[in-house]
Ligand code: ADP
Ligand code: MG
């Protein structure tokens, strides 16, 4: 067990600058925040701090800018969305999070206000957990709260590096809540345990699949993840998104647990990713050259639905298709409805991942499942190993 924010006394918080690592890696559209899930999920910790006269200084990453500033990945629109969601004054510093200006702003922050610093992945040394960067970031607060569940599987400067240098270092309310739901999946579960995996971050997640093979009764695979598996099985996938680096692992997983893994039997393909004008259904062995598989087909939807309805325990990460474009959201929405139906029938259901959470929210079903996790890769890794680097680095309870 790790020490949590709620275990700190009022005196430890009052008047202090508290450096909080949040996960505001949110989807942006036309300069605005497209999904507020992660922003709203951070509010309980921020309110808890403000009510105790602490002054929150927030660090987050957004996207993969690769160690240098990229205006498309600025947190500025997030600052606006945070101000609206929290009703608090949010100060935003556009320069580097480890700059003298950022440090000064942390000291000038007044009670009741929140300071958000610019994207940590603009900084060289963030993803390599650089010592000097960690030390500079650690000066931004008198104590550290990690509430970035979605990033807790990364040993970066703003997650692990800071936690080892700035003490006390404790878990925030979101991380506490997330671990409670995931611990339930790690404990004695009711079977069948059905897992659905999709999305596009294949390399990251496929490694963890192996850990699931021992525990899950059925594994349903859709999204671009399925393209990689189908390719590994020998299908020609046309212009579909396939992660070549992950083919060997996919093959190994199929060899080990072929019967428990269910791949799509049909797919929605299109040569038009923007609008899906020519979207049509084909068998998964017959993806035409030049077209891409962008959603699961109707037969697969029905199979997956039945599998989910049989589950007593269900975990889902990763959309079943390119759900941001309406014609390719059908499979994802169908799975969301099946999850809601299973929950109504008494199953314990967890949906995790930035895009997955966004999808289930857009389908209006976030409250119809047992828990929506803000983490995808982090949730998978915690389910597989029972620990995450960003959590291990915090103080022991
Ligand atoms: P999460 O954020 O829930 O962990 P990922 O980030 O792994 O999920 O994947 C989400 C992304 O995967 C979405 O942007 C979605 O459009 C994309 N995606 C899913 N299926 C496909 C597909 N068949 N082809 C291209 N992109 C896909
Ligand atoms: Mg994602």
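Structural remarks
- Simple spin-label estimate for residue 236 and residue 30 in nanometres, 7 Å along Cα-Cβ: 4.1 nm
- At full extension, residue 183 and residue 244 could sit 18.6 nm farther apart than now, given 0.36 nm per residue minus the alpha carbon distance.
- As a length-normalised measure over Cα pairs under 8 Å and 6 or more apart, the relative contact order of the chain settles at 17 percent.
- Largest first and in whole Å, the equivalent-ellipsoid semi-axes of the chain read 38, 22, 19, each the square root of five times a Cα gyration tensor eigenvalue.
- Gap separating the Cα centres of the range 364-389 and the range 1-47, nearest whole Å: 17 Å
- Taking label points 7 Å from Cα along the Cα-to-Cβ direction, residue 191 and residue 167 give a separation of 4.4 nm.
- Interatomic Cα distance distribution for the range 188-384, bins of 5 angstrom, percent: 1, 9, 18, 22, 22, 16, 8, 3, 0, 0
- Looking at the range 5-177 alone, DSSP beta bridges between its own residues are antiparallel in about 10 percent of cases.
- Here each label is just a point 7 Å from Cα along the line to Cβ, and for residue 303 and residue 124 those points are 5.0 nm apart.
- Ordering of 76-86, 107-117 by burial proxy (mean other Cβ atoms within 10 Å per residue, highest first): 76-86, 107-117
- Stretchable slack from residue 281 to residue 3, in nm (0.36 nm times residue separation minus alpha-carbon distance): 94.9 nm
Every read-out reported here was derived from the displayed coordinates using simple, explicitly stated rules and does not represent laboratory data. In this text the structure is predicted, and so the values were computed from the model without any measurement. Note that we place each Cβ from the backbone using ideal geometry, even for glycine, and neighbour counts take in every protein chain shown.
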